[in-house]
Amino acid sequence: MNLEQLLPTVVFALMAGLLIALALVVVTSRSVFRSAIALTGALGVVAGLFALMGADFVAAGQLLIYVGGIMIIMLFVIMLSQRPMAKADRQTNDQWLWGALFALAVTCGLIVQFRAVYRGIFSTTVSMPTTVSIGRLLLGDMVVPFEAVSLVLLAALVGAVYFGLDYEKPQ
Amino acid sequence: MTLSLHHFLMLSAILFGIGIYGVLSRRNILGILMSIELMFNAANINLIAFNHFLYPNQVWGQGFAIFVMTLAAAEAVVGLSLVLAIYRNIKSVYTEKLNILHG
Amino acid sequence: MFELGPILSRAFQTLQSWVIAHGVPALGAWILAKSIQVGVVVLGVSLIPMVLVYAERKVSAFMQARLGPMNVGPYGILQTLADGIKLIFKEDVIPVGSDRIMHIMAPMVVVAPVFICFAPLPFGKGLVPIDLDIGVLFIFAISGVSTIGVLMAGWGSGNKFSMLGGLRGAAQLVSYEIPRVLSVVPVLMFYGTQSLNGIALAQQGRWYGIIPKWFIFYPVIGQIAFLIFLIASVAETNRTPFDIPEAESELVAGFHTEFSGLKFALFFLAEYAYVFVSSAMAVALFLGGDDGFSAAGIIPSWLWFLGKTFVMVFLFLWFRWTFPRLRVDRLMQFCWQFLLPWSIANIAFAGLAVLLIK
């Protein structure tokens, strides 16, 4: 097997290992701040996976929206709602064993189905830049969901502002 | 072992499972929200992988993934402002304290 | 005459063919050539902040009617080197009540993205390290990652003032990102590409023989876009008049109070490197990149690019000693109630102009 087939596989293996390790830190860490930073790392690795699959615009969008937007808000809320230096008590509730078993069952079911149906499909195309195609798609065939999503964002904005207002102080 | 579709699908299945475990077993509301974000990302990996391997000439999967990202952002924002409102009221972010409507 | 672009590409092709002739596969030769280019870019990113720190101290000194560093080396040229050596040998203090891993990783998360941001910049004809098709979006996305480092620094310091400084700093960075990105959209609308090299190339040429076809000379859209990008970049790099997060006379030193030695040096390296990246982007997007006035013979294109970038950097340094510091709430007000509506209005004007022209 030559270098051109080996290199994507090695890169994918490294990224997949890192992603699974970071995801495990997210769900098992005692400090919620560390979980958030691990989640940020995991989102960055997912952006790398998108770039590996040739989706360059979506990868940059993932970094911009998730890492540069959502995770910053989440870190803000964590920093504003924790007693900063409290070394935390345990973070898992009483039903963690059943949760783990259910998650294991779902994962195994999915993996078995995917191996059965989608084995052996390879990609042979050269990656092309996708920005123009995505622009044409969003404003062409997908224009109705595009406008609907902008209304959803407006509703989310109004909702967030409303919940964030503090009614105890005079405005 | 050339890179194939089912490698990416297995990765996203494992990520989805880890997210489910996080949602079902974390006490901290913020931990639950973070596990939901993991599940969203697993779905996004699936969408982009199907687009890349089965339909390389079109970008429907990537467009759909952008919508998923946007809606995840909207949901995270509303969820986090709710968490702030809850924290202001009961001074805690653990789920077992949220039982005022219980019984 | 001294056009580096063709010379370098011929050198790399010779290297690649020599390596291939010795049995290495083509992809391996390509990786080798790219690794050497990456090494050169990393070296440049490490050296440019040293020059900028010295320039800042000298320029600030001359604006304040004093001389600045004069002792170390002729006219104080080696001052930054001496400062760097001193910072390396300083004791590395990690506060007891802090989160160790966050404290250690915060400077890394702030500095690492800036090395990546240097990749799509068009340093001259044929001198783009990587000609990305999503260059502009890429730089904005990667600089957003540095904000996470600011939050980690605020949390990892273990005291409430640093945490507040980190929160304020991150809030400022996130808020000013929006007018910055929106102010670049008219440029993308006119030139139809996000590649910085493509945008710089599209600005070659002259109108009526005299006025260059730079974006800043477009009637109303160019000036508004350039001003909003400039102001938002000054805010993004935490320079005065927007430097509440690190104000030396206000919040002790904000979120990097508890960092000493090399970590402190890394924060400053990141700040000056981001100043250079913002100036280079402003030059590539609005000032024509490597377009020059001479007959394309005497002064090479990379010298034009570096000259224009250093003029923009001088603007950044000049702002520091001209404007007083903005208070935090007025800073936020300025962003959300002034810059953001104007940048959106600018997009509307640009859309109208594109419709009328094309």
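The values are calculated or read from the model by the stated rules, or taken from the named source; none is laboratory data. Quick caveat, the model's predicted, so the values are computed rather than measured. Cβ sites come from the backbone with ideal geometry, for glycine too, and all protein chains shown count toward neighbours.
Yes/no matrix, rows are residues, columns are (1) part of a helix (DSSP H, G or I); (2) at pLDDT below 90; (3) among the basic types (Lys, Arg):
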site: C:166; (1), (2), (3): yes, yes, no
site: C:173; (1), (2), (3): yes, no, no
site: C:176; (1), (2), (3): yes, no, no
site: C:183; (1), (2), (3): yes, no, no
site: C:186; (1), (2), (3): yes, no, no
site: C:193; (1), (2), (3): no, yes, no
site: C:203; (1), (2), (3): no, yes, no
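For the criterion of being closer than 26 Å to residue A:103 by Cα, under 14 Å from the mean Cα position of the chain (by Cα), at the interface with chain A (Cβ under 7 Å from one of its Cβ atoms) and assigned to a helix (DSSP H, G or I), residue B:65 passes. Could you tell me whether region C:129-151 includes any residue that is assigned to a loop (DSSP other than H, G, I, E, B) and either among the polar types (S, T, N, Q) or crowded, with 24+ Cβ neighbours inside 10 Å (or both)? Scanning region C:129-151, I find no residue that is assigned to a loop (DSSP other than H, G, I, E, B) and either among the polar types (S, T, N, Q) or crowded, with 24+ Cβ neighbours inside 10 Å (or both), so the answer is no. For beta carbons closer than 7 Å, sequence separation of 6+ or different chains, a first residue in region C:327-345 that is over 20 Å from residue C:186 (Cα atoms) and a second that is among the basic types (Lys, Arg), the qualifying pairs are C:328/C:168.
For (1) more than 7 Å from chain A (Cβ to nearest Cβ); (2) more than 28 Å from residue B:77 (Cβ to Cβ), each residue gets a yes or a no:
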site	(1), (2)
B:2	no, yes
B:7	no, yes
B:20	no, no
B:25	no, no
B:28	no, no
B:32	yes, no
B:38	no, no
B:41	no, no
B:46	yes, no
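Within the set A:110, A:80, the sole residue that is more than 25 Å from residue C:169 (Cβ to Cβ), modelled with pLDDT of 75 or more and among the hydrophobic types (A, V, I, L, M, F, W, C) turns out to be A:110.
Applying the criterion of at least 3 residues that are under 30 Å from residue A:161 (Cβ atoms) and more than 11 Å from chain C (Cβ to nearest Cβ) to the helices (runs of 4 or more DSSP H) found wholly in region A:1-113 leaves A:32-52. Annotation: residue C:61 fulfils all but one of (1) out of contact with any helix residue (DSSP H, G or I) (no Cβ under 8 Å at 6 or more places or on another chain); (2) hydrophobic (A, V, I, L, M, F, W, C); (3) surrounded by 12 or more Cβ atoms within 10 Å (Cβ to Cβ); (4) at pLDDT below 90; the unmet one is (4). Of C:142, C:178, C:148, all but one fail to be farther than 24 Å from residue C:266 by Cα, of a type outside the set (Ser, Thr, Tyr) and within 13 Å of another protein chain (Cβ to nearest Cβ); the exception is C:178.
The condition (being in contact with a helix residue (DSSP H, G or I) (Cβ under 6 Å, 6 or more places away or on another chain) and closer than 27 Å to residue A:2 by Cβ) is satisfied by just one residue among C:33, C:21, C:11: C:33. Based on what the data block shows, is residue A:110 over 30 Å from residue C:151 (Cα atoms) and hydrophobic (A, V, I, L, M, F, W, C)? Yes: the conditions hold for residue A:110. Looking only at residues of region B:1-34 that are of a type in the set (Ser, Thr, Tyr) and surrounded by fewer than 23 Cβ atoms within 10 Å (Cβ to Cβ), we find that the one that is modelled with the highest pLDDT is B:4. The single residue among B:49, B:73, B:43 that is among the hydrophobic types (A, V, I, L, M, F, W, C) and buried (at least 24 other Cβ atoms within 10 Å of the Cβ) turns out to be B:49. Residue B:78 - would you say it is at the interface with chain A (Cβ under 7 Å from one of its Cβ atoms), of a type in the set (Val, Ile, Thr) and over 26 Å from residue A:110 (Cα atoms)? Yes; evaluated as a whole, the condition is true for this residue.
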